[in-house]
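Just below is one structure, and these are the notes that go with it.
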Amino acid sequence: MVIDILRALFGTGGNVVRETAEVFRVNAEAADQRRVETQRAALDQMAAEFGAAGRSPFDRIIDGLNRIPRPAMALGTLALFVAAMVDPLWFGERMAGLALVPDPLWWLLGAIVSFYFGARYQVKGQEFQRSIAATLARAPQVVKSVAQLRGLRADSPGAADPGPDADTALRVLTPSDNPALAEWRATA
């Protein structure tokens with residue numbers, strides 16, 4: 001009869017208790033396996049899309065061109081500062097030419113630069129917000145850990161308290177023979 005009950009609970013092929021528990025709580029091992037498989041699939045897809053083997057020369061050229069604007073703008077701005085110091089007249093002539101550019105063209109340039117750099121700024125800003133949220137979520141645990149560590153300091157109140165154990169309290173308060181201390185006292 002006991003064997004029949006165990007067989008009914010645990011079955012011959014599956015575990016009824018485990019299967020019932022998985023209705024209420026996710027199987028952590030299976031969830032981890034699914035997460036690994038999802039990440040592997042994403043990496044495989046990215047490798048197929050961006051891998052060097054499957055890319056045409058056109059794709060490589062376009063990727064190279066996409067990487068030029070930010071460094072070119074930064075280095076170009078630094079070059080303008082150098083040019084202003086090396087040849088102020090040449091620099092002044094170029095800046096006078098820029099003064100002739102109509103306002104709508106400046107607005108168009110501003111819009112292009114804003115869209116180009118704005119998307120990157122938004123992505124980085126969202127990553128920053130996620131990292132702040134993760135840090136704040138860990139804050140209560142950190143405060144608790146710091147409080148526990150401070151409680152372990154030798155000068156914190158009650159650090160050497162033996163608690164309600166009377167035998168320990170008596171042993172702490174009763175002096176004992178310490179041969180090393182006696183030898184030290186004799187030499188001092």
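The values are calculated or read from the model by the stated rules, or taken from the named source; none is laboratory data. Quick caveat: nothing in here was measured; it's all calculated off a predicted structure. Cβ atoms come from the backbone with ideal geometry, glycine included; neighbour counts cover every protein chain shown.
Just a few scattered comments:
- Counting the residues of the stretch 88-140 that are polar (S, T, N, Q) and under 21 Å from N66 (Cβ atoms) gives 3.
- Answer from A137, A111 - the residue that is surrounded by 10 or more Cβ atoms within 10 Å (Cβ to Cβ), in a helix (DSSP H, G or I), without any contact (Cβ under 8 Å) to a residue 12 or more places away in the chain and within 34 Å of the chain's Cα centre (by Cα): A111
- Residue in the stretch 91-105 that is part of a helix (DSSP H, G or I), within 43 Å of the chain's Cα centre (by Cα) and without any contact (Cβ under 8 Å) to a residue 24 or more places away in the chain present: yes
- Only one of the listed residues (Q129, Q39) is at pLDDT 90 or above and among the polar types (S, T, N, Q). That residue is Q39.
- Flag for A186 being assigned to a helix (DSSP H, G or I), small (G, A, S), more than 33 Å from the chain's Cα centre (by Cα) and modelled with pLDDT under 80: no
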